[in-house]
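Chemist: Pasting a structure here, questions to come.
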Protein chains: 4
Amino acid sequence: MNSSYIIKVDCTDRKGLVYKVSKILYKNGVNIITNREFVDLENRRFFFRAEVNGEVLEEDIKDELQKELGSEANIYISKRKRKNIVIFCTKEAHALGDILIKHYSNELNANILAVVSNYEILRALVEKFDIPYHFISHDTLSRTEHEEQILEVLKLYEIDYIVLAKYMRILTPNFVKNYKDRIINIHHSFLPAFIGANPYKQAYNRGVKIIGATAHIVNDDLDEGPIISQDIIRVDHTYSWKDMQLAGRNIEKSVLSNALALAFDDKIFINGNKTVIF
Amino acid sequence: MNSSYIIKVDCTDRKGLVYKVSKILYKNGVNIITNREFVDLENRRFFFRAEVNGEVLEEDIKDELQKELGSEANIYISKRKRKNIVIFCTKEAHALGDILIKHYSNELNANILAVVSNYEILRALVEKFDIPYHFISHDTLSRTEHEEQILEVLKLYEIDYIVLAKYMRILTPNFVKNYKDRIINIHHSFLPAFIGANPYKQAYNRGVKIIGATAHIVNDDLDEGPIISQDIIRVDHTYSWKDMQLAGRNIEKSVLSNALALAFDDKIFINGNKTVIF
Amino acid sequence: MNSSYIIKVDCTDRKGLVYKVSKILYKNGVNIITNREFVDLENRRFFFRAEVNGEVLEEDIKDELQKELGSEANIYISKRKRKNIVIFCTKEAHALGDILIKHYSNELNANILAVVSNYEILRALVEKFDIPYHFISHDTLSRTEHEEQILEVLKLYEIDYIVLAKYMRILTPNFVKNYKDRIINIHHSFLPAFIGANPYKQAYNRGVKIIGATAHIVNDDLDEGPIISQDIIRVDHTYSWKDMQLAGRNIEKSVLSNALALAFDDKIFINGNKTVIF
Amino acid sequence: MNSSYIIKVDCTDRKGLVYKVSKILYKNGVNIITNREFVDLENRRFFFRAEVNGEVLEEDIKDELQKELGSEANIYISKRKRKNIVIFCTKEAHALGDILIKHYSNELNANILAVVSNYEILRALVEKFDIPYHFISHDTLSRTEHEEQILEVLKLYEIDYIVLAKYMRILTPNFVKNYKDRIINIHHSFLPAFIGANPYKQAYNRGVKIIGATAHIVNDDLDEGPIISQDIIRVDHTYSWKDMQLAGRNIEKSVLSNALALAFDDKIFINGNKTVIF
């Protein structure tokens, strides 16, 4: 018997919140299968997530919680469901391909509505899986013009998350605000080391013994958004930067995959420039 | 502002437990700093742990919880405090030494009351730190006689946990039942691989590429108790079994250290032959 | 300037082997880009691998080395080239899919000649990539009859390696001897823990905190062949065995991928029941 | 039968070096137990290390090698022996304590000649192990004056390596040049992330999911010397920066310990701002 609803709450911390929230759920006949709670003592913020069963009257519970917790509280109640996503990519197939295979095997808790790319290169791969591929070249366009064309295409879809699967273009704040906290990027380094271009070359030049990858929520600052997931692999002096790149791809795709699983299961809270993950 | 009390509850699962427990805490003026909850759906068992603040009347709250949850519920309420431990060892200094240094640096949330060993070898090290050392040879003694002598010495101390820091003797069920769920062992393999004697030699002979260590609660079956913590390191064909042993010691001590931190912070529940760790 | 040839030698150890081997290479105008050497002191066996450049007259050098090192020496000299492989699978797409994507992206140092399966399930996926799919049902057949049908199909291909990408049938010694040391399997546990059926259920029941995967050369004993590569991920009490299975798949595919890269680059020696990997 | 001598060579790469080096060793009756070789193709530099047996006439072999390889070649031939080290520390006991315990257990391939500190705090710990402790306060002194006092003390000892075991002072280029390539530092972050002061606070503020430690050779630039070893551990939103610091200490000491083992076994080459490690 899996849970059928997810409830997420975050609000200013005060006394008795677990009691108050669980009381409202209990009174409404909701059965908590599992829950976690965390208080950021520094910022006095309370985070609560529960997987629940029962006949959940979403609007009623939301109203009661909002009344109890106040208008600044973020309250999310949703039936468990597959998320709808659009994937952005450029030229590399590994991260995209991993998602396509997971989707094909029904291991991705999401529907891939479409793939958007500034190159034609990955069309053949995507279309093997009968997924629409939108090629929107950035050639001859300003960044803003390019993004406007993309936004136009995205209007076709009801999107829960945009996944940047090695999309090698920087998004403007204007684009990002359209999908606030709903764009997930995989960066090919262990942030905050090697921000920016060609982190594998930077890592090679520095002679590191470990390379990594970071999945994060995209905000206005390049590679500075809240981190969801990170992982590393060991390298040594025999690795050229191309060897590091090749080896790093295995980590890039597994870190992104891990971050997507967390996002699609509603396990991530944004807490300023950080995440709280249950 | 750290929490001043720990509350742990486990009982048969039923509806509304988070509400009922948090209500009792709230009514008693207890403020939850952080809590976690888990339901083992297979065995229908509920686990709850909270770090709380406030004027906690331990006995009153315990009585109310027991009344609400029934007599089969395990309820633990304790002021945060350093645990009192006795360490058992044999000949190897690394795990013991690591605990001694942590204790010396005030990084171990415990008082070391004494060290017990079936050899004299480690006395000099222990006494450097002004800790009593009890040498109880097993020579000429049956296992039962040896353990009786140890139990006699242990009567001198009020012990929260016994830590087996590479103590190379098997404890009998009779000994174990005196300290049920309070004996923590470090086993020098990645259990359940390589149970029993000389796991590094076994690992070497099998040609594994990873070796590990496992910290677990001791119960009646050798190396079969609930696992608290595990970790691994990579090895390759250039490692002799002695190299594996030497490398493995770094993992043994860090895994044991990690397990002790969890135990001393009251973060471990026993769930049959497994642990629930918050 | 990459190396263009690989030279591998293993033979009984004796004095001066590095000198004798490197002399023959030098006299033949071969330039060593990189080499590694290892002596298994226990079994007195010498292993040597070099990546070299130059006008390599394969047969001449091989003859000279064999004459110098004796008839029991194994000598392998080959132009660097993509290996030819056949993949076996059953129902799960993740390991197969990962190889297909790597192949598609030109990141696999191999040509996939065909896929063989005892089910039809994965045909659609494989044929998206224009790779022949041989469905050979084991229904109504004895193990030997089934393998004979497979061997018949394999005759169509010149095969360097057979890759068992979650092929859930045990191969008989008779089958294995046809492709001695050239069958690579991914086992979904950290061997030698959890040999045999459903290792994730076994791991769940044991309450381990780490699960793993093992890639190995297949020999006559189930899950007992020389280990090439292993890796692990952390799990906790919240994982059902199905969660472990899902999480484990990420490790299965990365461990297999790593093992294939080593094999396809001729970096693996078989040393009894172990591997030497340079 | 372990090897009794270590031979290390690095020089400009050219054809036939393995042959030429191994020939000289062979002609001198030296038996290679194990050797590794690496060519940095980018910088055209050859690195060779062998563990050998036999009656090694160090000076003769060195002369022959130097004649063959030219004056720019670095040639190191040494009987295997315990290195002589001095440890620098400030206030934290964990890294120092780990080395002291390893030394006490005879697991450190080195003699600790003395400990130098700018505080008195760790004297009691060090003197438990009968090791001289030199307290050299930096109070009221310029950096240069302080270092001069330290250098004066160091003259008492024949030092192979200086180990900075959480020594929280920056060394000047003048000091460093006295012990070129022989000072090993442990930095409490995953370099190049979080260079400089309080990396744990930086890591906490950035919301990383992994923290690390880096052991490196000290050169003139703060935290910029050749990296020997790195490792990481996972953290999450529940960690305060003090929790990260506490958890990080386990990694700091194991990374330093690993780096020291490599250095004391003569396994490290300096290659510009990187290391080659066999």
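Chemist: About the Cα centre of region C:65-222, what is the dipole size in debye to 20, counting +1 per Lys and Arg Cβ and -1 per Asp and Glu Cβ, all else neutral?
Modeler: Using only the charged Cβ atoms, the result is roughly 500 debye.
Chemist: Less than 13 Å Cβ to Cβ from D:Leu260, Lys/Arg counted +1 and Asp/Glu -1: what total charge do the surrounding residues give?
Modeler: 0
Chemist: Relative to the first principal axis of the alpha-carbon coordinates of chain C, what is the inclination of helix C:241-264, with its axis defined by its Cα atoms, in degrees from 0 to 90 and to the nearest 10?
Modeler: 20 degrees
Chemist: Where the only charges are on Cβ atoms (+1 Lys, Arg; -1 Asp, Glu), what is the dipole of chain B about its Cα centre, to the nearest 20 debye?
Modeler: The calculation lands at about 620 debye.
Chemist: Quick one: which residues, 5+ away or cross-chain, put their amide H under 5 Å from the amide H of A:Asn84? H built at 1.01 Å from N.
Modeler: Those qualifying (amide H under 5 Å, at least 5 residues apart or on another chain) are A:Asn111, A:Asp160, A:Tyr161.
Chemist: Quick check: net charge around C:Asn178, other residues with Cβ under 15 Å of its Cβ, Lys/Arg +1 and Asp/Glu -1? Could you put the intermediate results ahead of the total?
Modeler: Details: positive: C:Arg143, C:Lys155, C:Lys177, C:Lys180, C:Arg182; negative: C:Glu147, C:Glu148, C:Glu152, C:Glu158, C:Asp160, C:Asp181, C:Asp220.
That sum, taken over residues with Cβ under 15 Å, equals -2.
Chemist: Toward the positive end of the charge dipole of region D:91-182, about the Cα centre and with charges on Cβ (Lys, Arg +1; Asp, Glu -1), which of D:Val126, D:Val163, D:Leu113 goes farthest?
Modeler: D:Val163
Chemist: What is the magnitude of the charge dipole of the protein assembly as shown about its Cα centre, with +1 placed on the Cβ of each Lys and Arg, -1 on the Cβ of each Asp and Glu, and no other charges, expressed in debye to the nearest 20?
Modeler: 0 debye
Chemist: In nm, to one decimal, how far is the D:Glu72 label point from the A:Asp243 one, both placed 7 Å along Cα→Cβ?
Modeler: Label at D:Glu72, label at A:Asp243, 2.3 nm between them.
Chemist: Continuing with the same structure: Select from region B:67-101 all residues whose loss of accessible area on going from the chain by itself to the full protein assembly reaches 30 Å² or more (probe 1.4 Å).
Modeler: Residues meeting the cut-off: B:Ala93, B:Ile101.
Chemist: Here is a further query. For the C and D pair, go ahead and give the buried accessible area with a 1.4 Å probe, both sides summed, in Å² to 100.
Modeler: The C and D chains share an interface burying roughly 2000 Å².
Chemist: Based on the Kirkwood radius over alpha-carbon pairs, what value in µm²/s does the Stokes-Einstein equation return for the translational diffusion coefficient of region D:101-148 at 10 °C and 1.306 mPa s?
Modeler: For these conditions, the coefficient is 131 µm²/s.
Chemist: Can you sort D:Leu246, A:Leu151, A:Leu156, A:Leu164 by 1.4 Å-probe accessible area, starting with the largest?
Modeler: A:Leu156, D:Leu246, A:Leu151, A:Leu164
Chemist: What aspartates and glutamates could a cross-link reach from C:Lys201, if we take a straight Cα to Cα line under 18 Å and drop same-chain neighbours fewer than 8 places away?
Modeler: Within the straight-line cut-off, C:Lys201 pairs with B:Asp40, B:Glu42, B:Glu224, C:Glu92, C:Asp223, C:Asp236, C:Asp243, C:Glu252.
Chemist: Could I ask something else about it? For a paramagnetic label modelled at 7 Å from the Cα of C:Glu59 toward its Cβ, which residues of region C:77-102 fall within the zone defined by backbone nitrogen distances under 20 Å?
Modeler: Under cut-off, by backbone N: C:77-80.
Chemist: For a quick check of understanding: with a 1.4 angstrom probe and all protein chains in place, what accessible area in square angstrom does B:Arg169 have, to the nearest ten?
Modeler: Ignoring ligands and nucleic acids, B:Arg169 comes out at about 50 Å².
Chemist: Averaged per residue, what accessible surface does the protein assembly as shown expose to a 1.4 Å probe, in Å²? Don't jump to the answer; show the numbers that get you there.
Modeler: Values: 43820 Å² over 1112 residues.
Per-residue value: 39 Å².
Chemist: Suppose a student asked you for the relative contact order of chain C, using Cα pairs under 8 Å spaced at least 6 residues apart; what percent would you report? Let's see the in-between values first.
Modeler: Details: 506 pairs, mean separation 40.5, N = 278.
The value is 15 percent.
Chemist: Turning to a different aspect of this structure: Would you be so kind as to list the residues of region A:219-248 that have their accessible area lowered by at least 40 Å² in the full protein complex compared with their chain by itself (1.4 Å probe)?
Modeler: A:Ile227, A:Gln230, A:Arg234, A:His237
Chemist: Starting from the residue with the highest accessible area, list D:Asp60, B:Asp181 in decreasing order, probe 1.4 Å.
Modeler: Result of the area sort, largest leading: D:Asp60, B:Asp181.
Chemist: Still on this structure, please answer the following. Taking the convex hull of the alpha carbon atoms in the protein assembly as shown, what volume per residue do you get, in Å³?
Modeler: It comes to 202 Å³ per residue, whole-number rounded.
Chemist: While we're on this one: Give me Rg over Rh for chain A, both radii from the alpha carbons and Rh done the Kirkwood way, two decimal places.
Modeler: On the Cα set of chain A, Rg over Rh gives 1.01.
Chemist: Using a 1.4 Å probe on the protein heavy atoms, what percent of the accessible area of the protein assembly as shown belongs to carbon and sulfur?
Modeler: In the protein assembly as shown, the share of accessible area belonging to carbon and sulfur is 48 percent.
Chemist: Residues of region A:177-207 with accessible area at least 40 Å² lower in the all-protein-chain context than alone (1.4 Å probe)?
Modeler: Residues of region A:177-207 that lose at least 40 Å² of accessible area once the other chains are added: A:Phe190, A:Pro192, A:Tyr204, A:Arg206.
Chemist: Using only the alpha-carbon atoms, how far is helix C:94-104 inclined from the longest principal axis of chain C? Give it as 0 to 90 degrees, nearest 10.
Modeler: With both axes taken from Cα atoms, the answer is about 50 degrees.
Chemist: Can you give me the convex hull volume of the Cα atoms of region D:1-142, divided per residue and expressed in Å³?
Modeler: 177 Å³
Chemist: Also, I was wondering about something else. Could you tell me how many cubic angstrom of Cα convex hull volume region D:3-79 has per residue?
Modeler: Here the figure is 72 Å³ per residue.
Chemist: Tally Lys and Arg at +1 and Asp and Glu at -1 over the other residues with C-beta under 12 Å from the C-beta of D:Gln149: what net charge comes out?
Modeler: After counting each charged neighbour, the total is -3.
Chemist: Could you grab the relative contact order for region B:1-111? Cα pairs under 8 Å, six or more apart, rounded to a whole percent.
Modeler: It rounds to 32 percent for region B:1-111.
Chemist: Can you list, bin by bin at 10 Å, the percent of alpha carbon pairs in region A:71-181, starting at 0?
Modeler: All Cα pairs, binned at 10 Å, distribute as 13, 45, 31, 10, 2 percent.
Chemist: Largest first and to the nearest Å, give the Cα extent of region D:152-278 along each principal axis.
Modeler: Extents along the principal axes: 47, 32, 24 Å.
Chemist: Shifting gears a bit: Which whole-Hz couplings ³J(HN,Hα) result when phi for each residue of region B:211-219 is put into the Karplus expression 6.51 cos²θ - 1.76 cosθ + 1.60, θ = phi - 60°, listed in order with x for Gly and Pro?
Modeler: Coupling constants for region B:211-219: 10, x, 9, 9, 9, 8, 6, 8, 10 Hz.
Chemist: With respect to the cross-link table entries B:Lys102/D:Lys209; B:Lys242/D:Lys155; A:Lys128/D:Lys209; A:Lys8/C:Lys242; A:Lys209/A:Lys253; D:Lys67/D:Lys267, which display a Cα-Cα separation exceeding 27 Å?
Modeler: Violating the 27 Å limit, Cα to Cα: B:Lys242/D:Lys155; A:Lys128/D:Lys209.
The values are calculated or read from the model by the stated rules, or taken from the named source; none is laboratory data. If you're wondering where the values come from, they're calculated on a predicted model, not measured in any experiment. Methodologically, a virtual Cβ is constructed for each residue, glycine included, from the backbone with ideal geometry; neighbour enumeration extends over all protein chains shown. Accessible surface areas use protein heavy atoms only, side chains included; no ligands, DNA or RNA. Shrake-Rupley method; radii C 1.70, N 1.55, O 1.52, S 1.80 Å.
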